[in-house]
Structure formats: structure tokens, C-alpha cells
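The block underneath contains the structure these notes are about, expressed in C-alpha cells.
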Amino acid sequence: MLKRSFSKKIKPKMFQVGDLVLNENINKNITNDEVKGKFGPNWLEPFVVVEDIGSGAYKLSSMDGKEEQKTFNAIHLKHFYA
């Protein structure tokens, strides 16, 4: 009963190949030249979804076509509307 009422409120994030997404900045608290610590951006540049691996994992490439080596989970992505 409790699980059912909780699951009603969950909206899974689904992305399709070709969608523009923003990637969460997971290095927010690291200070170096590229990232400005807590004053840095929360979301990184727009990426294009290249492949849906399954179970909420996606392969991304940057806007200039350079494919990222890692896979990204849907909880760290959000839609980008240009």
C-alpha cells in the first residue's frame, strides 16, 4: 500500500536518441581553474543523446560531435529546450 502510493508520484525521466540534455555538474565542490567551486554552474553544457543503453543509462556526445567515454544515468540529466 505504501509503495503504491509512493510510486504514483515518481515520474521516470525518458530520453530519446537526438534529444538535447544538460548534464549535472558533479564536481561542484572541487576548486580548480575550470570549476569555480560552489559558485560554478550546476548544469554543464548541452549534450546530445547518442544511444539508450537501457535501465536509465545513456551515451552522450557534445554539440561539436565529440562522444563522451562514460555513460550517464538519467537522474543526472535533464531536458534542454533551446
Checklist line | Cut-off under 5 Å, modelled amide H: who pairs with ASP19 long-range | finding: VAL49
Note to self: What distance in nm lies between label points placed 7 Å from Cα along the C-beta direction at ALA82 and ALA57?
What the structure shows: 2.8
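Using a Förster distance of 30 angstrom, determine the FRET efficiency expected from the C-beta separation of LYS3 and ILE26, and round it to 0.05.
Details: r = 29 Å, r/R0 = 0.97.
Efficiency, from the Cβ-Cβ distance: 0.55.
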Item checked: Estimated vicinal HN-Hα couplings, Hz - the range 8-22 in sequence order (Karplus 6.51, -1.76, 1.60; Gly, Pro = x) -> 5, 8, 7, 10, x, 8, 10, 10, 10, 4, x, 5, 8, 9, 9
Margin query: Under a Cβ-only charge scheme (Lys and Arg +1, Asp and Glu -1), can you give me the dipole magnitude of the chain about the Cα centre, in debye to the nearest 20?
Written below: 800
Item checked: Packing-based exposure ordering (other Cβ within 10 Å, fewest first) of TYR81, TYR58 -> TYR81, TYR58
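All of the numbers you see were taken from the coordinates with simple rules; none came from a lab. Bear in mind that the values here come from a model prediction, so they are computed numbers and not experimental data. Glycine gets a Cβ as well: all are built from the backbone with ideal geometry, and neighbour counts include every protein chain shown.
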